[in-house]
Structure formats: structure tokens, C-alpha cells
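S.K.: What follows is a single structure, and I will ask about it in a moment.
The values are calculated or read from the model by the stated rules, or taken from the named source; none is laboratory data. Since the structure is predicted, the reported quantities are computational estimates derived from the model, not experimental observations. Reconstructed Cβ throughout: ideal geometry from the backbone, glycine too, with neighbour counts over all protein chains shown. The accessibility values were calculated without ligands, DNA or RNA, using every heavy atom of the protein model including side chains. Shrake-Rupley method; radii C 1.70, N 1.55, O 1.52, S 1.80 Å.
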Amino acid sequence: MSTIHRVAVIPGDGIGREVVPAAQRVLESCASRHGFRFDWTEFDWSCEYYTRTGRMMPPDGLEILAGFDAIFLGAVGYPGVPDHVSLWGLLIPIRRTFAQYVNLRPIKLLRGITSPLRGIQPGEVDFVVVRENNEGEYSEIGGRLYRSTPREMAVQEAVFTRAGVEQVMHYAYQLARSRRGNLASATKSNGIVHTMPFWNEVFRELGGTYSDVDTREYHIDALAALFVLDPRRFDVVVASNLFGDILSDLGAAIVGSIGIAPSANLNPPRQYPSMFEPVHGSAPDIAGRGIANPVGQIWSGAMMLDHLGHRAAADELVAVLEDVLSAGVRTPDLGGSATTEQVTAAVLDALAARPEGGSQG
């Protein structure tokens, strides 16, 4: 009997409703080749749902999601609903309730894509940003005072706990150990006087446990510059919530387009479901035109396959994406003219054309 994975699907808003179904088709085809299946359950939680109900998801939404093996998310956000409402009403509650404290974002120049950086070849840039996903600069501590007066002020507190910093750094150290053995830490301890020196201290303390991993600390401004000037040097980068968010978007840009960038919100102990989503947003400016790039959603699906125990299927799917891109089938964000459907069809055809013998991956 083949394994069946129960996956909650939240297409969300804008192009999410276009690329999620496309990715599902590809994942089903890949699963069939490797001897497992998906049981999808779709939820219409979105900004449109918010305009009808005043909520991004129902009161028992998190309880509903807790019973699934994984969550497959498209994009959240649409004009008319403030970004902080859509984000804090759906995405962040899922990340925090399910202790998805690692946001994993691969930065890899795929075959078939030309980097905007001069002289960079496919395979030369291949690193991972490990972003702390539950605390840091994205805390709920703070407020506004004297609104709409000359005395108005806003306070936002960053929260770094030892438990939170240690767990994401342990993950990053272990990931570096399984890759090329190099770990970079993003800091700004020369200007942020409390949280960043604390971050550095924990990073150095844990380094004694991972003596086989080469480490280096970079101030965030210098690190951002090096992403552009010398991206080949990086293997694993660990960063706080805000720094990791910005760095991974920059990383996506240097390998071609934010439209291809995948991410995973992981609960490493697997006590709760993890969530997989592309880095791109809902892109309302192109929604409904059929030109959204499905690669980021499909690649996020490959990360989900890997998390669910199907490494061979995940590797095959990424290889197929590279085959299709190398054949010149690309959406406009990558300089091509293909539609979402044409890219999806090309991926399905490339999967079908591969030699049989996909194993339980």
C-alpha cells in the first residue's frame, strides 16, 4: 500500500490561486512515479475571506491545520487589506503556533537561468539562508502613543530568547555540517547594542560543540554587499527574523528572480506540521493574466517532498525544473514569454520523459 500524505492547501490571494494548482499537478505526477500519493484539502482562507468574515481564517483554523502532515501555501496579500492584517492574521499565527522556528530558503543558481551578476555560472552559487522564524524583530511587543498628534510615537521591541536563538543556530550548525561545513552569521553588534551581542555570544558558545564547522560573523551591511560581490563563498547563513528575510530576498534576486525562490517553515522536531510556500507575494499586478512563474511554488513543493521523506523525488523534481529552464521555457520575469500553463505543461512532459524507476524516495 502506497504512503498517503494529508496536505492542507491554502492558495491564498492573487497569483497564489494560479501557481498552487499548477504545482499540485506536478507534485501528483512526481508522487505517482515514486510510489506515494497526496490527499489534498483546500481552504479558501485569504484576503477575500477576510473581506467577507473580518478574519483571515476561522477561529478554529489552527486546530484544523494541526491534523495535517504539511501545509502548502500560495501567497497572502491583496490591495484593500493592510499587509500587517493579512500577515498577522494567517501566516505568522501558523508559524508560531506550530513552532516553525526555522525558515529555510535555498539560494541556488539553477541551470537555464542567467544571474544578473557578471560571470556567475550555474552551480557556482548554492547556499542556504536559515532564518529565525518565530521571534527577533517580528515581535508583538510595542505600541503607538498620541496618535495623529505632533507627539505621536511608535515603539517596537525586538525579542531574542536564549531558547529561540539556540534552537535555530543548532539547526544551522547541523545543516552546515551536512553540507560543505561553512556557517556565516549575520549580526549588527556594532550598532544594535543588546540583542546582537547576545546573538554573537550564543553563536560562539555553540561553535564549541561544532568544532568541525568553520564559522564567520558578518555585519549585515557587509554581508549584503558580499552576497552581490562574492556569493560563491557562502554555504549556510544563519540570521535573525528581519535580517534573514531581507538577505534571502536579495539572494533570490542574484540567482535570477524572486519568482523562482522557494521556502520552508519547519518544525524540526516534527511535533507539528511544517509549511511550504514560495518567497514571492501575491503579485496583484499580474494576477489573472496567466503569466505568473510557477517555479517557486513547484520548488517549494520539492522541499515538502524532502521533508516528508522523499529525497529522491525532490531531487528529481528540481532536476526537471532545471531541464525545462535550460530548454528556454520561461515566464516573463525570467525574460521569456511562456505562460504559467506552458511552464507547467513543460515540467509535466519532462517528468514523463524521464526513465522509469523512480523509487520510494
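S.K.: For the structure I just gave you, tell me whether GLY336 is under 18 Å from VAL255 (Cβ atoms) and at pLDDT below 95. Let's see the steps before the verdict.
M.R.: Details: under 18 Å from VAL255 (Cβ atoms): yes; at pLDDT below 95: yes.
Yes: the conditions hold for GLY336.
S.K.: Condition (residue is among the hydrophobic types (A, V, I, L, M, F, W, C) and more than 22 Å from the chain's Cα centre (by Cα)) applied to region 49-63: is it met by at least one residue?
M.R.: Applying the first criterion (among the hydrophobic types (A, V, I, L, M, F, W, C)) to region 49-63 yields 56-57, 62.
If we keep only those that are more than 22 Å from the chain's Cα centre (by Cα) as well, we get none.
Within region 49-63 (the criterion being among the hydrophobic types (A, V, I, L, M, F, W, C) and more than 22 Å from the chain's Cα centre (by Cα)), the answer is no, since none of the residues qualifies.
S.K.: Hey, another quick one. When residues of region 132-188 are filtered for being at pLDDT below 95 and among the aromatic types (Phe, Trp, Tyr), how many remain?
M.R.: 1
S.K.: While we're looking at this one, here's another question. If I ask for residues that are more than 17 Å from PHE243 (Cα to Cα) and among the aromatic types (Phe, Trp, Tyr), which ones from region 139-170 would you list?
M.R.: If the condition is that a residue be more than 17 Å from PHE243 (Cα to Cα) and among the aromatic types (Phe, Trp, Tyr), then TYR146 is the only one that fits.
S.K.: Could you look through region 149-177, keep only residues that are in contact with a Ser or Thr (Cβ under 8 Å, 6 or more places away or on another chain) and of a type in the set (Phe, Trp, Tyr), and pick out the one that is farthest from ASN103 (Cα to Cα)?
M.R.: PHE160
S.K.: Could you tell me whether any residue of region 350-360 is touching a residue at least 60 places away in the same chain (Cβ under 8 Å), assigned to a helix (DSSP H, G or I) and open to solvent by less than 10 Å² (accessible area, probe 1.4 Å)?
M.R.: yes
S.K.: Take the residues in region 146-174 that are in contact with a Leu (Cβ under 9 Å, 6 or more places away or on another chain) and farther than 13 Å from PHE203 by Cα, then tell me which one is least open to solvent (accessible area, probe 1.4 Å).
M.R.: So, considering only residues that are in contact with a Leu (Cβ under 9 Å, 6 or more places away or on another chain) and farther than 13 Å from PHE203 by Cα, the one least open to solvent (accessible area, probe 1.4 Å) is ALA158.
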